[in-house]
Every structure is written in C-alpha cells, then in structure tokens.
1. Looking at ILE211, ILE183 in this structure, which one is farther than 30 Å from THR82 by Cβ and either surrounded by 10 or more Cβ atoms within 10 Å (Cβ to Cβ) or at pLDDT 75 or above (or both)?
2. Considering only the stretch 130-179, how many residues are touching a residue at least 60 places away in the same chain (Cβ under 8 Å) and either part of a strand (DSSP E or B) or touching a Lys or Arg at 6+ places or on another chain (Cβ under 6 Å) (or both)?
3. Name every residue in the stretch 149-166 that is open to solvent by 70 Å² or more (accessible area, probe 1.4 Å), out of contact with any strand residue (DSSP E or B) (no Cβ under 7 Å at 6 or more places or on another chain) and within 21 Å of GLU66 (Cα to Cα), in order of residue number.
4. Looking at GLY36, GLY9, GLY25 in this structure, which one is open to solvent by less than 60 Å² (accessible area, probe 1.4 Å), at pLDDT below 90 and closer than 30 Å to ILE89 by Cα?
5. Among (1) surrounded by fewer than 16 Cβ atoms within 10 Å (Cβ to Cβ); (2) under 30 Å from GLY139 (Cα atoms); (3) modelled with pLDDT of 90 or more, which single condition is GLY45 missing?
6. Which numbered condition in (1) free of Cβ contacts under 8 Å to residues at least 24 places away in the same chain; (2) under 22 Å from VAL24 (Cβ atoms) is the only one that VAL98 fails?
7. If a residue must be of a type in the set (Val, Ile, Thr), within 25 Å of the chain's Cα centre (by Cα) and part of a helix (DSSP H, G or I), how many such residues does the stretch 75-121 contain?
Amino acid sequence: MKKFLALFGLLLLAACSTVPAGHVGIKVYLLGGEKGVDHEELGVGRYWIGLNEELYLFPTFMQNYEWKGEESISFQTVEGMTAKADIGISYQIDPAKVSTISQTYRRGIDEITDTFLRDMVRDALVKAVSTKSIEYAYGAGKAELIKVVEDDVRKQVAEVGIVVNKIYWIGEIQVPEEVRQSINAKNAATQKAQQRQNEVAQAKAEADKKIEEARGQAESILRVAEAQAKANKLVASSLTPELVQYFGLEKWDGKLPTYTGSTLPMITLK
C-alpha cells in the first residue's frame, strides 16, 4: 500500500507543471465541445495538468529572435530580382493580454514567433520592396525599408498584445555576386566623383578666401593712403610763409651754413 501511494505520489508530481517567474501560463483543454478554446490563465506556481489538458508558457520579458541561414527571408524587387536577408526581431508580450494572444493564435510563443510573426515580417518586406530597385534595397534605401516593415508589423500585432520593439537587418542583403559587384563599383565611382567635387569646392573656397584677403588688404592700404592725403592736405592748407619760416628758425641751431664763394645768403628776421 505504501509503495502504491508512493508511486501514485510520483505520478502526481510528474503530472504537475511549473509556471516560472516572468511567465504567464495558459492551460488549454483539449477535449470536449470547447476543445482548444476553453482555457485558464495561470500565474507563477506548480499546477496539475491532466491528460486532456496542455500548458502553454508565455514569457513577459523581452524576446529576441533571428531568422537567418535556412530561415532567411526571400523577396523580389521591382526588376524581378530575387534577394534574401537575415532579419531579427525583438518584442515583448503584454501580460494583461496573454489570454487574447492564446485565443488568437492557439499556439505557444515559439510557434507564434516561427510562423505568424515571420509571415508578417516576410509579407511586409515583400510589399515594401516590390516597388523598389535592387540597388535601392541593397544600398541607400535599406534603413527606410526595414523601418516600413517594422511599422507595418507593429500595427498588426499591437491590439493582440504583442509589443514590437525593433525589427532589424542582420548583415548585408544577399544578392547575386555579379549584381553585388556592379552595385559596389557604381557606389565607388559615385564616391570618387563626390570626392572630386569636394576637392574642387575646397580649392575654390581657398581661392575665394585669398581674393577676399587681398581685397581687404588693398582696401586697407587705400584707406590709409586716403587718410594720409587728407592729413597732408589739411597741413598744406594751414601753412603760411611766415609759419614755414618760423618752423625753420625753430629748428636752426644758430650757425650759418657754410658756402663756397664770396656771397653769403641773406636771412630776413621779422
């Protein structure tokens, strides 16, 4: 009897499942008229899960998943060019809407991510790229495209209770090698042309700077000359013969100049 009770206790323990911290459990009933529909939301703890029941765990902390390698997402550009990309997603489940998520998808979190979210990302990407060139998707438009995809998917799952934090590219978009080389060569030529334009603009700016410096120096010299001419004119207009003779006497040291010859210069003193 004791052995039977012990065995029964082990079976009961084995039939119990745990809802760990950071998770919300959904116990779904697999039999009856409400098969797969009738469910019970469970908090953290241990619970008896019967043979006709199944427990789904929904983590409420941030989730991150990457579709890469064999899971890479393919798409076609406006030229009909097929490309592939590794894409990642980070999202979080609203704890208050776990029941809504369970009723909407009837799946666990892994299946929701691998199937429903991946399909949403793929469809949004296909739609966004369908009117764009391969060159745009591979280069300048890469950031804009993933932003469009992110906004699209975020709107689709917001009401259900999945909060998309970010959708992002992982590495480069995978295109045929000849296409990649052609795009890279064109980008290199564009960059080189831009560099030359920058060099020309810089040289012109330096030349303009020197011209302006020379013009400034010329204007400065001209203004000094004009000021000096005005000063000279003022001095000249104020001079009289008597004032000139006065300045001459003021500078005279009292000695007569030495001349050769018999005639001495006459100095009139007034």
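1. Answer to the selection: ILE211.
2. Adding up the residues that qualify gives 13.
3. Correct list: LYS155, GLN156.
4. GLY36
5. (2)
6. With (1) free of Cβ contacts under 8 Å to residues at least 24 places away in the same chain; (2) under 22 Å from VAL24 (Cβ atoms) applied to VAL98, the lone miss is (1).
7. So the answer is 1.
Matching residues to (1) touching a helix residue (DSSP H, G or I) at 6+ places or on another chain (Cβ under 9 Å); (2) under 23 Å from VAL28 (Cβ atoms):
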| residue | (1), (2) |
| --- | --- |
| GLU54 | no, yes |
| LYS68 | no, no |
| MET81 | yes, no |
| ASP86 | yes, no |
| ILE89 | yes, no |
| ARG106 | no, yes |
| ILE134 | yes, no |
| TYR138 | yes, no |
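The values are calculated or read from the model by the stated rules, or taken from the named source; none is laboratory data. Bear in mind the structure is a predicted one, so any value in this text is a computation, not a measurement. Virtual Cβ from ideal backbone geometry, glycine too; neighbours counted across all protein chains shown. Heads up: the accessible areas ignore ligands, DNA and RNA and are worked out on the full protein's heavy atoms, side chains in. Shrake-Rupley method; radii C 1.70, N 1.55, O 1.52, S 1.80 Å.
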